[in-house]
1. For region 111-146, which residues satisfy the criterion of being more than 25 Å from GLY182 (Cα to Cα) and in contact (Cβ under 8 Å) with a residue 60 or more places away in the chain?
2. Sort through THR411, THR419 and tell me the only one that's β-branched (Val, Ile, Thr) and either out of contact with any strand residue (DSSP E or B) (no Cβ under 7 Å at 6 or more places or on another chain) or over 24 Å from MET338 (Cβ atoms) (or both).
3. Inside region 166-207, can you point out the residues that are within 18 Å of GLU233 (Cα to Cα) and polar (S, T, N, Q)?
4. Select from region 393-416 the residues that are surrounded by 15 or more Cβ atoms within 10 Å (Cβ to Cβ) and in contact (Cβ under 8 Å) with a residue 60 or more places away in the chain and list them in ascending order.
5. Could you check how many residues of region 359-371 are open to solvent by 60 Å² or more (accessible area, probe 1.4 Å) and either of a type outside the set (S, T, N, Q) or closer than 16 Å to MET408 by Cβ (or both)?
6. I need a count of the residues in region 263-279 that are over 24 Å from GLN29 (Cα atoms) and either open to solvent by 10 Å² or more (accessible area, probe 1.4 Å) or touching a Gly at 6+ places or on another chain (Cβ under 9 Å) (or both).
7. Quick one: count up the residues across region 262-277 that are modelled with pLDDT of 95 or more and part of a loop (DSSP other than H, G, I, E, B).
8. Which one of these does ARG309 not meet: (1) in contact with a Lys or Arg (Cβ under 9 Å, 6 or more places away or on another chain); (2) within 30 Å of PRO423 (Cβ to Cβ); (3) not in a loop (DSSP other than H, G, I, E, B)?
Amino acid sequence: MVNKPSHTLIRDPKIECMPVEDLKKLQLQRLKDLVERVYIQSPFYRRKFNEHGVKPEDIKTLDDLRRLPFTVKDDLRDNYPFGLFTVPMKDIIRIHCSSGTTGKPVTAGYTRNDMEMWVELMARSFVTAGVTSRDIVHNAFGYGLFTGGLGHDMGARKIGATVVPMSGGVNNRQIMLMKDFGATVLTATPSYAMVLAETAAQMGVNMKTDLKLRVGLFGAEPSTKEMHQHIEEEFNLEVYETYGIGEIIGPGIAINCAYHEGLHIQEDHFLAEIVDPDTGEPVQPGQRGDFVITTLTKEAMPLIRYRTRDLTRFFTEPCLCGRTTVRHDRLAGRTDDMLIIKGVNVFPSQVEGVLLRHSELAPQYLLIVERVNNRDKLEIQVEAATEEFYNQGQENLEQYIDKLHREMQQTLYISSKITIMPPRSIQRSEGKAKRYIDKRREANQI
């Protein structure tokens, strides 16, 4: 059963409700322009096109997109820092990049038109979530090279909302300012939102009565339905999930509407596909696969058929909100985060879905994988929600762990060691949470 929207639906009928055939014509024209432009301006893409035997004039229909080569993250790293830019540096007015924790960072450049497009998409996202000029937006996404903070800041200001540019950290002050300033909208990663909920409880702040929050925009990391429900219960707000990738443009690629049945992709600017992670071929309708995005209007660093490594699926039925843009499901995980344990694919989100069904446990967990005597071992560390539960006695705790272990095995199809940790013992994050440590990889790097 689909719930009724909690606010008046506001849409741009010229774009978001455009007839599908008209939208496809717009996409095809922009795709043709893009392919011709990068073939002329990008030595990288001109070489890749030639290697695949494709020319700009070969693109006559949207189906011809499949003739174009994929772009992967290693392409961006190999061309660090500016090798994929297609405009002179004098036309670049903003540079963002990833943290580079696994090597060279991934950079992304923006022209003035790129920035205007990004701001427009973020404004659409806030409007889709029912945010107006009367709202006060507490922005707890990190500011700086990470796109989350500045992206949400610009979009909220575009619609005239008041922005509190808090960024991450100083948790007690976050709660104090949300209360004192009367924030009505919270933007953050889901994992950091739960850190703030924990902080509020420690401060004796009742978020349901002491705060005025009503809407939250959360993204930048995979999260489960259970996590969203947990956030809604803790904060007494309505969760809107956003999707974005720094190398594409940042947040603003997609957001779910008030019916919460998938995330609407901004298809006038992005052409999306779902392909089989192994073969690269299109999957059947409704089947999960690798999310692939082509930037139709990006000037500084356009990307063609970029394999995000995010696993999702498309919804094909029309949305009740009236938008005609295609929707994708919440992420099942990232292939980059997938752990192969005893030959079985395991995602942290699978573990999260089980743990968050237990009120005795806190939403803080860590997966530790190591190889002992040539055999994979998985330990799941999860915090107790209260000291009382943690200190209930070893026998009772072991009985609870046995029950949880059986439930986890039915989900993961492999055995694991489950360790219940004391409250507040697992390291918190001010941005994206670190959910696993793979000691096998660390051993291979020595």
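1. Residues satisfying the conditions are THR111, ASN113, ASP114, MET117, TRP118, LEU121, PHE146.
2. Values: THR419 fails: either out of contact with any strand residue (DSSP E or B) (no Cβ under 7 Å at 6 or more places or on another chain) or over 24 Å from MET338 (Cβ atoms) (or both).
Matching residue, one of THR411, THR419: THR411.
3. Within region 166-207, THR184, THR187, THR189, SER191, THR199, GLN202, ASN206 meet the criteria.
4. The one that is surrounded by 15 or more Cβ atoms within 10 Å (Cβ to Cβ) and in contact (Cβ under 8 Å) with a residue 60 or more places away in the chain: LEU412.
5. Our first condition is that a residue be open to solvent by 60 Å² or more (accessible area, probe 1.4 Å); within region 359-371, this holds for 359-360, 370-371.
Adding the requirement that they be either of a type outside the set (S, T, N, Q) or closer than 16 Å to MET408 by Cβ (or both) leaves 360, 370-371.
Number satisfying all stated conditions: 3.
6. Within region 263-279, residues that are over 24 Å from GLN29 (Cα atoms) and either open to solvent by 10 Å² or more (accessible area, probe 1.4 Å) or touching a Gly at 6+ places or on another chain (Cβ under 9 Å) (or both) number 4.
7. Taking region 262-277 first, the residues modelled with pLDDT of 95 or more are 262-276.
Within this subset, residues satisfying the condition of being part of a loop (DSSP other than H, G, I, E, B) are 262, 266-269, 276.
Number satisfying all stated conditions: 6.
8. (2)
The values are calculated or read from the model by the stated rules, or taken from the named source; none is laboratory data. These numbers come from a predicted model, not from an experiment. Positions of Cβ are generated from backbone atoms using ideal geometry, with glycine treated the same way; all protein chains shown enter the neighbour counts. Note: accessible area is taken over every heavy atom of the protein model, side chains too, but ligands, DNA and RNA are not part of it. Shrake-Rupley method; radii C 1.70, N 1.55, O 1.52, S 1.80 Å.
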